[in-house]
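Rule-based calculations on the coordinates, nothing more; no lab input. Note that the structure is a prediction, hence the values are computed from the model and not measured. Here the Cβ is made from the backbone with ideal geometry for all residues, glycine too, and neighbour counts use every protein chain on show.
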Amino acid sequence: MKALVETVNLTKHFPIKRDQIVHAVDNVTLTVHEKEIVGLVGESGSGKSTLGKTILGLHNKTSGQVLYDGTMLPQKYRARDFLSSARKMQMIFQDPYSSLNPRMTVGEIIGEALKLHTNLNNQTIRDRVTFWLERVGLHADHASRYPHEFSGGQRQRIGIARALILEPEFVVCDEPISALDVSVQAQVVNLLDELKKSMGLTLLFIAHDLSMVRYVSDRMAVMYLGSLVEVGASNEVFFDPQHPYTQMLVSSNPEPDPRRERNRPPTPVRGEITSPINIQPGCRFASRCPKVMEVCRDTTPELITLKNVAPGKDLRQVACHLYD
């Protein structure tokens, strides 16, 4: 399968004070294949959104590389770099309200990309905007309205139309359903699935809900405090987690059956979360891990491919000393 987007030891640090650095993303190596959906999961503050924005150039890279279709992307984007990459890569932002300009109509918001990146006349742009409004489940007369006149689910559909009107190949979906009601979440996910199939999209789908990520994605990558701890086929990671952190996430995922959920014993998480500031060598999950060993406290585990994978199953990568 052809690799469309690759990150190689991608790192993003944020200096906050003198001699203090936040390790938002640390040495992340991940491959997203063509026409594949990779789900990226983890707790809030694990660096998921920062990783997506750094891939697209919205954050400058501290170190490492991002390759698109085998071509290395710039370390620091300039205006012309955004212009050249916008037709290939786009982003659906987490907050469907703050990501839309309140002073622009929906038609102007969705059609702005066509004005910047094409030579189409105004009538053709309006026709394309109407087409995409209807494609995402809205109406043509919505083009003259403003973002505050819509519900959260409708605003997210506007954001999807804005991202896809240039028909990019790769889209980062930064928690596109986290601010929506459950019923609306299903509508948005089904819409993205339909668009993925009809347009051949490649998606990096960032979310907290493991059940939803398992449903929509082909592979799942688990992130903790800026580092990947487990990568594998979604069903296999969900039903047979290998890393202690992934096991904790899966065990905290609610059961769909209310009776089983009520009868399920609690699974408390012990220990304190390691500070992301000036992280020292060692496993970042060691302070909370029930299987911690002495080596975990001073040696950082690398993401390795498990050798004892059952026949017929996809490769599983885990960053844990249990599997050294």
Margin query: Could you tell me the relative contact order of the chain? Use alpha-carbon pairs under 8 Å, at least six residues apart, and round to a whole percent.
Written below: 20
Margin query: Let me check against my output: what whole-number percent is the relative contact order of the range 166-298, with C-alpha pairs under 8 Å and at least 6 apart?
Written below: 16
Next item on the list: Considering only T299, T31, T202, give the residue with the highest GNM mean-square fluctuation for the chain, with springs between Cα atoms whenever their separation is below 10 Å.
Entry: T299
Next item on the list: Could you please report the charge total around Y68, scoring K, R as +1 and D, E as -1 over all other residues with beta-carbon less than 13 angstrom from its beta-carbon?
Entry: -2
Next item on the list: Determine the alpha carbon to alpha carbon distance for each of K35/K307; K61/K197; K196/K307; K53/K88 and list only those over 24 Å.
Entry: K35/K307; K61/K197; K196/K307
Checklist line | Distance between the range 251-306 and the range 1-23 - C-alpha centres, whole angstrom | finding: 22
Next item on the list: For the range 32-99 and the range 145-174, compute the distance between their C-alpha centroids and round to whole Å.
Entry: 17
Checklist line | Proxy reagent accessibility, fewest Cβ within 10 Å first, across H59, H243 | finding: H59, H243
Check: Tally Lys/Arg at +1 and Asp/Glu at -1 over every other residue whose Cβ is under 14 Å from the Cβ of R103; what's the total?
Finding: -2
Checklist line | Relative intensity, log₁₀ I(q)/I(0), of the range 70-159 from a Debye sum that treats every alpha carbon as a point, q = 0.18, 0.20 Å⁻¹ | finding: -0.86, -1.00
Notebook entry, point to check: Which Cα, out of I160, A207, L180, lies furthest along the positive dipole direction of the range 140-240 (beta carbon charges, K/R +1, D/E -1)?
Noted result: I160
Next item on the list: Quick one: dipole size for the chain, taken about the Cα centre, charges +1 on Lys/Arg Cβ and -1 on Asp/Glu Cβ, in debye to the nearest 20.
Entry: 460
Next item on the list: Determine one quarter of the surface area of the Cα convex hull of the range 102-228, which equals its mean projected area, and express it in nm² to one decimal.
Entry: 8.8
